[in-house]
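Report on the structure given below.
The values are calculated or read from the model by the stated rules, or taken from the named source; none is laboratory data. Only a predicted model underlies this, so the values are computations on that prediction, with no experimental measurement involved. Heads up, the Cβs are rebuilt from the backbone with ideal geometry, glycines too, and the neighbour counts pull from every protein chain shown. Quick note on the areas: whole protein, heavy atoms, side chains included, nothing else; ligands and nucleic acids left out. Shrake-Rupley method; radii C 1.70, N 1.55, O 1.52, S 1.80 Å.
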Amino acid sequence: MAVLQFREALKHAIDEEMSRDERVFVMGEEVAEYNGAYKVTEGLLDKYGYRRVIDTPISELGFAGLGVGAAMNGLRPIVEFMTFNFAVLAADQIINHATKVKYMTGGQADCPIVFRGPNASAGQLGATHSVAYDSMYAHFPGLKVIYVSEPNDAKGLMKSAIRDENPVLFMESEQMYGLKGEVSDEEDFIIPIGKGKIKREGSDVTLVAHGKMYHLAVQAANELAKDGIECEIIDPRTVKPLDLELILKSVKKTNRCIVIDEAHPFAGFAAEIGFLIQREAFDYLDAPVLRVCLPDVNAPFSKPLFDAWLPSPKQIIDAVKQVSY
Amino acid sequence: MAKKATSDIRFAPTGMESPEKGGVQKGVDLPAATRKKHKSLGLTAQQLKDMYHQMYLQRRFEERAMQQYQKGKFGGFLHLYIGQEAISTGTVFAFNNDDDIITAYRDHGWGLCRGISANEGMAELFGKATGCSGGKGGSMHFANVKEHFWGGYGIVGGHIPIASGLAFANKYNANGRISACFFGDGAVDQGALHETMNLAQLWKLPTIFVVENNGYSMGTAAKRHTVAEIVDRAKGYGKKSAVINGMDVFSVYEKMKEIADDVREHSEPWFVEIRTYRYRGHSMSDPQKYRTKEELEEYQNIDPIERLKSYLVAEKVCNEAEISSIEESIEDEVLAAVTFADESPFPDQSELYTDMFVEDNPYFHV
Ligand SMILES: Cc1ncc(C[n+]2csc(CCOP(=O)(O)OP(=O)(O)O)c2C)c(N)n1
Ligand SMILES: [Mg+2]
């Protein structure tokens, strides 16, 4: 095990896959000469040169689509968005093209591409820079959606994403890039897409939390443990395909579940998990499945409003107490 | 034909840091400034003093804002307009007060020029209820709609079609107003610009597309992110165009007035490239390795504020004492704004749910 920052874990994964497979290349705004807006691609230009590490203009629609075409024509692009908030401009290429080209051509063309970058909010960046997009993309058939919480998962899943033969969305967070964690130094360390992980065992209530929200769940669980409430934390790691089995197994044990999600409530990840639990484990529930997520309003700039807007460990604790009767 | 070695293949133009990487690319070349004096431009002595007041206000406001940011008084992004003040000032003096202006996130100067007080601006940066956008927007979203400043926008290129929509409504209502959209050289690469350039031309909208080419899009020199001369984009759309020296407020004023008159008269859009330079980093965390100190100094030596000041003295519009008194009053105004922002209350928690819908009791999903 080596202790790596989140950004280093991602870089190692990309680096290993680039050295393993010459078809893999990286493009995006400031990824090459500037070494990445968040330094995820630091040093890759020096190592792999200008052919494989490419700076783009601010043309999200254009370079995302260019990636789709390159993937169809035999390459394996890693397209970095400075954040997924800007990938909205490229949504046509992701939703209408990357996910549909194989189907529309009756299987003649594949699209092995990774779209990656930070997701959701990162402090007081205002309404247009703070949206969590994992639920939205998971809505569309033909995409795999990953939103990781820890360096080890980042490394193992990034390698899987690059090797995957389909379009994969890989989400990170500006606020986690500096986070350190133990990363396996096993050779060719891979975590399969679609496998969640029990990150804390407990018998009283299941917390399902991924991405940045995972860390809030840990804080809440530590607090609750002081009151003798033991939370089991499941990090699904991959939003889609979803490791429902792992979640159900835990809920059948604890009989209670809180979903913590960084998206807005309507038709989000939390809504989906809640629905699936009632369908598959209705008889096991001792309390309704609750969710802690963003309110149904845009991100405000002002600090106290922003703090009220973002889910907090306190809200998780309150939700757990509400179901612990 | 021999196959090219793959190691020689390049896509993006290179040129940062070291000579091996192509050397640092120069940001912009300035066209000549106007040689006209204020009287032949139709500017009065009082207007010149007001211009100086405005430019100096923008500069000191941002210098103080930067200090407050570094002290940790507020968070988020802070993109400074320092160096580019002649553009907002020259334009606003050239336009009618009810002409519509919209810009990107580098918006403080525009806001101050269009009626946002130093108090309201500083309070917005601090996220206070007394800010121009009630603390909801922050640095990137200054707005003063009643003075026809439609705000700053954070998605690069996102506001370009909106400017044409403002112009559409003006033409629809035959109200004699024009609109202008200001955006960076980086935004030139967005599809939104090209779609809107075509629409605006096709529908003869009274609008001006203005690129504030400050040489860089974050850490990428203009020549590394976009082809040819930016202004030449106009040709493909049959659009009237101009290149302006943005380090000289007279040049901006002269040309923008001419263009505004033409747009108003003929209801036809223009595409304008104003060349300028940003002195500070892209935002507050920018090591600025992509440019040289010498280049920065070259522009600081032709600072638009210093230039106007020298003119005022040389042409005996003001003496040194009058200039000092303008500067001192601004110094006081900006310091008072810091105190005002500091002492203002944060928005009430209930404000989280206001400004989402027009109704008093809108539906929120829970
Ligand atoms: C669609 C989109 N992509 C990327 C960004 C991130 N970003 C913010 S400003 C910027 C550079 C823009 O440069 P330019 O248009 O020249 O304006 P300047 O900052 O020089 O005023 C980038 C890449 C964004 N805000 N929106
Ligand atoms: Mg620029």
Exercise. When the dipole is taken about the Cα centre of segment A:1-73, and only Lys, Arg (+1) and Asp, Glu (-1) are charged at their Cβ, what size is it in debye, to the nearest 20?
Worked result: 140 debye
For this session: Please list B:LYS293, A:LYS159 in order of solvent-accessible area, largest first, computed with a 1.4 Å probe with all protein chains present.
Result: B:LYS293, A:LYS159
Problem set entry | segment A:1-126: relative contact order as a whole-number percent, Cα under 8 Å and 6+ apart | 23 percent
Seminar exercise, completed: Here the Cα Rg-to-2.2 N^0.38 Å ratio for segment A:2-183 is 0.95
Problem set entry | Unsatisfied cross-links (Cα-Cα over 21 Å) in the set B:LYS36/B:LYS293; A:LYS102/A:LYS144; B:LYS146/B:LYS255 | B:LYS36/B:LYS293; B:LYS146/B:LYS255
Problem set entry | Anchor A:LYS197: aspartates and glutamates whose Cα lies under 15 Å away (excluding residues fewer than 8 positions away in-chain) | A:GLU150, A:ASP153, A:GLU232, A:ASP235, A:ASP243, A:GLU245
For this session: At 24 Å minimum axial length over the Cα atoms and a Kyte-Doolittle cut of -0.5, report the qualifying DSSP H helices in chain B, or say none.
Result: B:320-343
Problem set entry | Degrees between helix A:313-323 axis and first principal axis of chain A (Cα, 0 to 90, nearest 10) | 50 degrees
Problem set entry | Exercise: per-residue mean of other protein chain Cβ atoms within 10 Å, A:29-38 | 5
For this session: With only Lys, Arg, Asp and Glu charged, each at its Cβ (+1 for the first two, -1 for the last two), find how big the charge dipole of segment A:197-323 is about the Cα centre; round to the nearest 20 debye.
Result: 220 debye
Exercise. Taking only the alpha-carbon atoms of segment B:258-343, what semi-axes of the equivalent ellipsoid follow from 5 times the gyration tensor eigenvalues under a square root, in whole Å, largest first?
Worked result: 28, 25, 20
For this session: Take every Cα pair under 8 Å in chain A that's 6+ residues apart, average their separations, divide by the length, and report that relative contact order as a whole percent.
Result: 16 percent
Exercise. Just how far, in whole angstrom, is segment A:58-98 from segment B:136-199 if you go by their alpha carbon centroids?
Worked result: 26 Å
Exercise. In the protein assembly as shown, what % of DSSP beta bridges are antiparallel (nearest 5)?
Worked result: 20 percent
Exercise. What accessible area, in Å² to the nearest ten, does a 1.4 Å probe give for B:GLU297?
Worked result: 90 Å²
Problem set entry | Radius of gyration, Dmax [segment A:98-236; alpha carbons; angstrom] | 17.0, 58
For this session: Could you calculate, for the protein assembly as shown, the ratio of the Cα radius of gyration to the Kirkwood radius, expressed as Rg to Rh?
Result: 1.00
Exercise. How high is the relative contact order of segment A:197-323, given as a whole-number percent (alpha carbon pairs under 8 Å, six or more residues apart)?
Worked result: 28 percent
Exercise. Averaged per residue, what accessible surface does the protein assembly as shown expose to a 1.4 Å probe, in Å²?
Worked result: 40 Å²
Exercise. Once you average over the residues of B:143-154, how many Cβ atoms of partner chains fall within 10 Å of each Cβ?
Worked result: 1
For this session: Specify, per residue and in Å³, the volume enclosed by the convex hull of the alpha carbon atoms belonging to chain A.
Result: 130 Å³
For this session: Work from the charge dipole of the protein assembly as shown (Cβ charges, +1 for Lys and Arg, -1 for Asp and Glu, about the Cα centre) and give the residue of B:VAL145, B:ILE102, B:VAL358 farthest towards its positive end.
Result: B:ILE102
For this session: Ignoring ligands, DNA and RNA and using a 1.4 Å probe, state the total buried accessible area between A and B in Å², rounded to the nearest 100.
Result: 3700 Å²
Problem set entry | Among B:216-226, A:286-296, A:96-106, the order from most to least packed when residues are scored by Cβ within 10 Å on average | B:216-226, A:286-296, A:96-106
Problem set entry | Translational diffusion coefficient (Stokes-Einstein; Kirkwood radius from C-alpha pairs) of chain B at 20 °C, 1.002 mPa s, in µm²/s | 99 µm²/s
Exercise. What whole number of Å gives the distance from the Cα centroid of segment A:1-20 to the Cα centroid of segment B:209-230?
Worked result: 33 Å
Seminar exercise, completed: Put B:VAL145, B:VAL313, A:VAL145 in order of accessible area, largest first, probe 1.4 Å, and you get B:VAL145, B:VAL313, A:VAL145
Exercise. Taking every residue in B:133-139, how many Cβ atoms of other protein chains lie within 10 Å of its Cβ, on average?
Worked result: 6
Seminar exercise, completed: In whole percents, the bins of 5 Å from zero upward hold the Cα-Cα pairs of segment A:54-95 as 6, 25, 35, 24, 9, 1
Seminar exercise, completed: For B:230-236, B:350-356, A:252-258, A:52-58, ranked highest to lowest by mean beta-carbon neighbours within 10 Å, the order is A:52-58, A:252-258, B:230-236, B:350-356
Problem set entry | Residue-by-residue Karplus 3J(HN,Hα) for segment A:127-144, coefficients 6.51, -1.76, 1.60, Hz, glycine and proline x | 4, 8, 10, 9, 8, 8, 10, 5, 4, 4, 5, 5, 5, 8, x, x, 10, 9
Exercise. Between Rg and the Kirkwood Rh of segment A:197-323, both from Cα atoms, what is the Rg to Rh ratio?
Worked result: 0.95
For this session: Taking the Cα centre of the protein assembly as shown as origin, sum charge times position over the Cβ atoms of Lys and Arg (+1) and Asp and Glu (-1), and report the length of that vector in debye to the nearest 20.
Result: 1320 debye
